[in-house]
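The values are calculated or read from the model by the stated rules, or taken from the named source; none is laboratory data. Quick caveat: nothing in here was measured; it's all calculated off a predicted structure. Note: areas computed on protein heavy atoms with side chains; ligands, DNA, RNA excluded. Shrake-Rupley method; radii C 1.70, N 1.55, O 1.52, S 1.80 Å.
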Amino acid sequence: KKPLPSSHRFQIALSFPGESRARVRRIAENLTVSVPKESILYDSWLASELARPNLDIYLTDLYRNDSLLLVFFLSGHYAQKEWCGLEWRVGRDLLKQKQEQRLMPLRLDDAEIQGLYSIDGYLDIRELSDAQVTNAILERLAMLSDGQRFPPLTATTPEGPVKNDIPDAPEYWNQRRLLGPTPIFTEIQQRPRWCIWVRAAEFKRAR
């Protein structure tokens, strides 16, 4: 996971309402498999930096000038939030500056969003898994990164209900992120129509 050759501090900036935080956090964590954590603008990871006066000016500057790809999780809750309104305003300004390639609208519901029209494209993520959303964001990031490709997220949630499912231990994901892409997973990803779920059913610490 090397930083992209970009003048931007953040490769990805996430804009979302608090009601969507649980899902956005999972997606942010997924993104760290391919993108350095310090290159993702997710507010909880910048809590100390954002504890300052005039945060509205500081935060909008991070989105407008320091972030390469801006991802908006749009919903009825998003339309009602003041801070989301500031971040969405940055996106509209970038659109005015003909930098629409840096904007990625995602739909969580059918709420009316000021400034988003029927001619504007978006990705409806209501029926998509977190892994599918993560891979879609990485695909868009690759378009802005001189053709650099990111391996698809391999630890995807299986489609449909799973019987006798066993919760993942947090330690598993901590170690999985350290593993990164491997030749075997790369080979699996090249096979068509495969859906593979690989994870530990029980985590035991090494002696």
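Summary of computed values
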quantity: Computed lengthening from ALA142 to ARG52, 0.36 nm per intervening residue step minus Cα-Cα distance; calculated: 29.1 nm
quantity: Accessible area (Å², 1.4 Å probe, nearest 10) - GLU49; calculated: 40 Å²
quantity: Approximate shape of segment 36-82 as ellipsoid semi-axes (Cα gyration tensor, √5λ), whole Å, largest first; calculated: 18, 15, 11
